[in-house]
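Here is the structure we will look at.
The values are calculated or read from the model by the stated rules, or taken from the named source; none is laboratory data. Remember, it's a predicted structure, so these values are computed and weren't measured experimentally. Note that each Cβ is placed from the backbone with ideal geometry, even for glycine, and that neighbours are counted across all protein chains shown. Protein only, heavy atoms only, side chains kept; ligands, DNA and RNA dropped before computing areas. Shrake-Rupley method; radii C 1.70, N 1.55, O 1.52, S 1.80 Å.
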Amino acid sequence: KFTITTNIYINKTDPLASAMRAETAETQEDETKYHHHPPITKKDRATEVAKGFFWQTPGAILPYVVFLVLLLLLTKENNQTSAYRMKLIYTLLVGSGMIPSMIILVSSWKRLLYERRRHHHHHHHQRRGHIQSTKNNASIEKKEMIYQSATILPSSSSSSNHNDDDDTIKVITQAPPLQQQPTTSIWSSLKDRRYLYKLIGTGFSWALYDFIYYGTAFNQPEILASVLGNDDDDDDEAKQTKKKLKSSLESRLKTVQELQEARAETVAQLATSLRVAEAANANSLLTQSTVIATSKKICQSKLLNVSDYRQYLSSLTDVRHVSDVSRYLNLIREGNEAVRSKNALAGGGSKEEKSKKRSRRFDRDYYRTCVSEGLRSICYQFTVSPFRAGIMLEDNLTLAGGFSYDRILPGEEDLEGGFDPKKWAAPVVDGADPTTFASDLVGSGELVLLSSTQGSETDPNHPELKDPLRGCRYVAAMELAYEPRIRRHLRSIYRANAVMTTKPTSRGYDNIDAFHEYFGLHLIRNKPIKEHFPMDEKESEQRKLGLSFEERRELDEEVKQREKDSCLQFLNILKAEATGDVASYIHLPLLEQIDTDEDPWFKHGEERFKSRDNQDLSALTEELERVYLPPDGDTDEWNEERRKVLRLALTTFLLPQFEAEARRDLREASIKIGIKAAAESLYGMAMEGPYRPSHLLGENRFLVPTGDLPIVGVCCATDSKDATYLAGVTERGELKDHLAIPGGTRIDGNKMKEKVITFLMQSRPAAVVVGTGGGVQSRLMAPKICDIFTP
């Protein structure tokens with residue numbers, strides 16, 4: 001590259017360089033006639049030709065000399081050159097090669113401009129017509145000379161008779177037409193000895209030059225092989241090594257090329273996607289005013305901190321907590337899309353945006369409408385942002401020292417003026433109560449009432465007109481309820497305080513009695529649901545504090561047994577609910593506990609248990625008020641507005657979801673433990689043998705004692721004067737209790753029937769066995785007992 005660049009203007013006319021130099025000398029010889037230069041001889045012409053050939057060789061050698069100089073200057077002391085230094089040498093070598101090329105280019109360009117101007121001047125004067133000179137003192141000899149040459153020449157005689165400042169124009173008469181010169185053939189020219197000798201000398205000189213110059217070029221491979229050695233002299237092992245190295249390098253080069261092509265395709269796809277996204281963004285945000293309005297309504301800084309949520313997600317291990325983050329981000333996205341869609345429609349958006357379908361979550365229509373009207377930016381003028389409230393709640397519940405207002409989130413270290421701790425507190429509106437604040441915003445047009453309140457026929461008692469901040473509170477409550485940290489810790493508090501209550505339905509009042517399978521399940525009141533789950537780690541540590549190892553083990557067994565019994569009981573409750581005999585409710589403790597003989601608690605309607613206004617929310621609201629109300633205090637009116645936001649978030653969004661989650665978790669935990677208990681029972685039944693005395697149980701290791709099955713045996717007398725006995729016995733045949741029915745007394749009589757029922761309720765037998773020793777009396781006794789069991 002260096003040689004081509006350096007000699008591009010020197011060698012471009014080779015082998016005609018000598019002819020060009022001769023023509024240049026002739027041109028200079030013509031110019032010397034009119035500029036008083038000394039005449040140019042044949043020696044000067046030969047010198048010009050020699051220069052044309054001489055400077056070709058130094059131009060070809062110079063790059064190698066420059067390379068050797070750079071190599072000596074940039075080589076280390078150990079005669080090693082790094083790849084970076086070789087690149088530097090190559091860059092300097094190529095750059096220096098442009099210097100002589102630019103010099104030749106500039107010189108040639110100036111020469112070309114000069115020749116063009118001279119030829120233009122020459123032809124301009126040849127084309128001039130007949131013009132009569134105004135001077136009468138011009139000589140006839142000079143006119144004849146000018147007429148014959150048809151060229152404008154400076155007159156020396158006139159210069160002696162006139163001043164240099166005289167602008168007299170010498171006019172040349174029109175030259176006669178040029179006579180056509182006779183043509184000469186090439187053979188006649190070769191016969192002329194003047195041309196023949198010159199042609200032979202020139203051809204012989206060129207042949208000798210080509211033999212000497214190009215001979216080395218043609219035989220260069222043989223010369224290098226003789227000097228550096230031939231590759232054929234290497235042994236076979238070296239050849240194989242070189243071949244393997246060559247194939248390895250080729251394969252790597254091919255791999256690199258394939259990777260480059262693949263990356264190029266990926267980059268092209270990304271560039272196309274970027275252009276599409278940019279075009280879509282440009283279409284959605286048409287004007288700068290639309291962008292500003294959209295950014296103000298979205299309030300991105302009030303909703304999340306990207307770096308903080310990334311750290312929070314990386315620390316999560318529960319799927320439910322990750323799902324909380326996803327729901328919160330989806331809610332924010334729906335609100336932002338509603339804002340962009342409304343602004344795009346107002347600014348003349350595209351047809352696709354105008355015809356875009358709304359979200360499938362119809363329950364969020366009111367939220368999207370409020371956000372699109374700009375109520376989100378208004379609600380955060382007097383409430384704290386939800387993600388900051390979640391961080392404060394988490395620190396208060398998990399850290400020993402609680403939350404610190406000096407905490408700085410990721411990305412807030414480099415803020416201008418430093419971080420402001422007031423961002424962690426709810427903003428305080430100075431000089432205006434909520435009513436005045438809302439009226440000013442409505443008057444300025446910033447607070448827009450919903451379309452349902454607009455029109456001349458609007459009811460003056462409409463809730464939007466009586467409470468303009470209702471929509472703002474709804475937006476703040478919904479976003480607070482969906483914040484992942486808020487949901488996570490309030491869910492734990494709810495799980496620790498929630499209880500379960502069951503009561504019989506109208507059908508259950510008629511069906512359930514002391515012998516019904518659901519007896520005892522229909523009157524459960526305020527049973528903590530935490531008993532159905534493993535004990536919390538903090539509570540377990542507190543209860544085990546100061547206990548010995550055996551006591552801790554007994555406590556763990558007791559907790560596991562209670563969890564198992566509670567889950568099995570809940571399975572039976574689900575069965576009772578499926579039959580319509582029992583109704584169950586999961587709620588926080590009730591504020592009013594009404595239970596009198598005239599008005600028992602289980603006869604209250606279901607609204608008393610389902611109503612969230614009757615539930616004690618203090619365990620949840622106390623923690624929320626610590627982070628949601630300003631720490632320095634505020635007016636009662638504004639604090640009441642913030643409490644309305646908390647109450648709306650709990651009763652409308654959080655509690656219904658927590659109740660559904662608790663019921664679903666109870667069902668899953670109960671089914672898991674029920675399956676395990678059923679498997680153990682089936683195994684026990686399969687391995688249970690017939691009744692045997694206890695001293696024979698050791699003979700077979702596969703047989704286990706029969707479980708505790710209380711039985712009531714009925715022994716009927718054969719004589720009507722003898723009494724009939726009901727005996728409650730254990731599995732070992734030990735008498736537990738008995739009831740005597742005197743002879744001649746009917747068992748289904750009113751008084752005796754009540755005694756029999758009381759005895760059976762106290763014994764609660766698994767089965768009633770009627771002995772056959774009484775004969776016909778035993779056969780008559782069995783249906784009577786059945787009638788008592790199933791009235």
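For K254, indicate whether it is modelled with pLDDT of 80 or more and touching a helix residue (DSSP H, G or I) at 6+ places or on another chain (Cβ under 9 Å). Considered against the rule, which asks whether it is modelled with pLDDT of 80 or more and touching a helix residue (DSSP H, G or I) at 6+ places or on another chain (Cβ under 9 Å), K254 comes out as no. Entry remark, the range 546-565: residues being touching a residue at least 40 places away in the same chain (Cβ under 8 Å) and in contact with a Lys or Arg (Cβ under 8 Å, 6 or more places away or on another chain) number 0 in total.
Among the residues of the range 582-600, the ones that are open to solvent by 30 Å² or more (accessible area, probe 1.4 Å) and either touching a residue at least 24 places away in the same chain (Cβ under 8 Å) or assigned to a strand (DSSP E or B) (or both) come to 2 in all. Each residue in the range 498-526 was checked for being open to solvent by 20 Å² or more (accessible area, probe 1.4 Å), touching a residue at least 24 places away in the same chain (Cβ under 8 Å) and part of a helix (DSSP H, G or I), and 2 of them qualify. How many residues are open to solvent by 50 Å² or more (accessible area, probe 1.4 Å) and under 16 Å from V712 (Cβ atoms) when one looks only at the range 736-753? Here the count works out to 4.
A Cβ distance below 9 Å, combined with a sequence gap of six or more or placement on separate chains, defines the contacts here; from the range 672-699, residues that are under 23 Å from T730 (Cα atoms) and at pLDDT 65 or above reach residues that are open to solvent by 80 Å² or more (accessible area, probe 1.4 Å) and assigned to a loop (DSSP other than H, G, I, E, B) in the pairs M687/F702; E688/P705.
Looking at P434, is it modelled with pLDDT of 85 or more, touching a helix residue (DSSP H, G or I) at 6+ places or on another chain (Cβ under 6 Å) and at negative phi? Step through it out loud before you land on a result.
Values: modelled with pLDDT of 85 or more: yes; touching a helix residue (DSSP H, G or I) at 6+ places or on another chain (Cβ under 6 Å): yes; at negative phi: yes.
So P434 fits the description; yes.
Residues in the range 535-546: is at least one part of a loop (DSSP other than H, G, I, E, B), open to solvent by 20 Å² or more (accessible area, probe 1.4 Å) and modelled with pLDDT of 90 or more? There is no residue in the range 535-546 that is part of a loop (DSSP other than H, G, I, E, B), open to solvent by 20 Å² or more (accessible area, probe 1.4 Å) and modelled with pLDDT of 90 or more.
Across the range 69-82, the qualifying residues are those that are closer than 24 Å to G97 by Cα and either touching a helix residue (DSSP H, G or I) at 6+ places or on another chain (Cβ under 9 Å) or modelled with pLDDT of 75 or more (or both), and the one among them that is surrounded by the most Cβ atoms within 10 Å (Cβ to Cβ) is L70. Among the conditions (1) touching a helix residue (DSSP H, G or I) at 6+ places or on another chain (Cβ under 6 Å); (2) modelled with pLDDT under 90; (3) open to solvent by less than 20 Å² (accessible area, probe 1.4 Å), F609 misses just one, which is (1). Given the criteria open to solvent by 90 Å² or more (accessible area, probe 1.4 Å) and not aliphatic (A, V, I, L, M), does E531 qualify? Considered against the rule, which asks whether it is open to solvent by 90 Å² or more (accessible area, probe 1.4 Å) and not aliphatic (A, V, I, L, M), E531 comes out as no.
Condition first: open to solvent by 20 Å² or more (accessible area, probe 1.4 Å), of a type outside the set (S, T, N, Q) and within 34 Å of the chain's Cα centre (by Cα). Can you find one or more residues in the range 369-381 that meet it? Yes, the range 369-381 has at least one match.
Please determine whether any residue of the range 60-68 is small (G, A, S) and modelled with pLDDT of 75 or more. The answer is yes; a qualifying residue exists.
Among the listed residues R495, R491, identify the single one that is farther than 22 Å from E607 by Cα, modelled with pLDDT of 90 or more and either surrounded by 16 or more Cβ atoms within 10 Å (Cβ to Cβ) or more than 40 Å from the chain's Cα centre (by Cα) (or both).
Details: R495 fails: farther than 22 Å from E607 by Cα.
Only one candidate passes the filter, namely R491.
Output yes when any residue across the range 385-396 is modelled with pLDDT of 90 or more, more than 23 Å from R470 (Cα to Cα) and of a type in the set (D, E), and no when none is. Yes. One residue stands out in the range 764-781 among those that are touching a strand residue (DSSP E or B) at 6+ places or on another chain (Cβ under 8 Å), closer than 20 Å to A514 by Cα and not β-branched (V, I, T): the one that is most open to solvent (accessible area, probe 1.4 Å), namely A766.
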